[in-house]
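Here's the structure we're looking at; comments come further down.
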Amino acid sequence: MDAERSALTTLCQEFDALISETGLHSAQRQELLERIVAEARARHPVLSLLIQLLNTDRETTLRTLATGLPGAGPGTAREEAFRCPDGACDRTAVPPPAGAIPRCAVLGRLMERR
């Protein structure tokens, strides 16, 4: 899988948790997150910015992304799966049965049924 696509997928999957986690840190880290969000929404590369946010080298960041970003929580029940609305990442969201259709955390648009 392409490293940038993987980075965007993880960012989208754990967007809310990352914002919560980053909110506990310095203004500089919060500004970096805002920049990551802006770049992701513009569909620009975000891996180098995530490297800065996590304060790790490229390989460590890629390994971290494979297991999730700091602050990530457990998944939800599996019934219906949804995907990125514009196909830019590989995020799959599985809401509770009969739950609301999830939104793309980066764009704010409803995700598409897989």
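Can you give the FRET efficiency for Thr64 and Arg114, using 1/(1 + (r/R0)^6), R0 = 35 Å, r = Cβ-Cβ distance, to the nearest 0.05? Provide the component values of the computation, followed by the final result.
Values: r = 26 Å, r/R0 = 0.74.
About 0.85, to the nearest 0.05.
When ranked by the protection proxy of mean other Cβ atoms within 10 Å per residue, highest first, what sequence do the peptides 55-63, 83-91 form? Walk me through the intermediate numbers first.
Numbers: 55-63: 12.9, 83-91: 17.0.
Ranking, from highest mean packing down: 83-91, 55-63.
Taken together, the values in this text are just the output of simple stated rules run on the coordinates, not laboratory data. These numbers come from a predicted model, not from an experiment. Here Cβ is always computed from backbone atoms with ideal geometry, including for glycine, and neighbour counts include all displayed protein chains.
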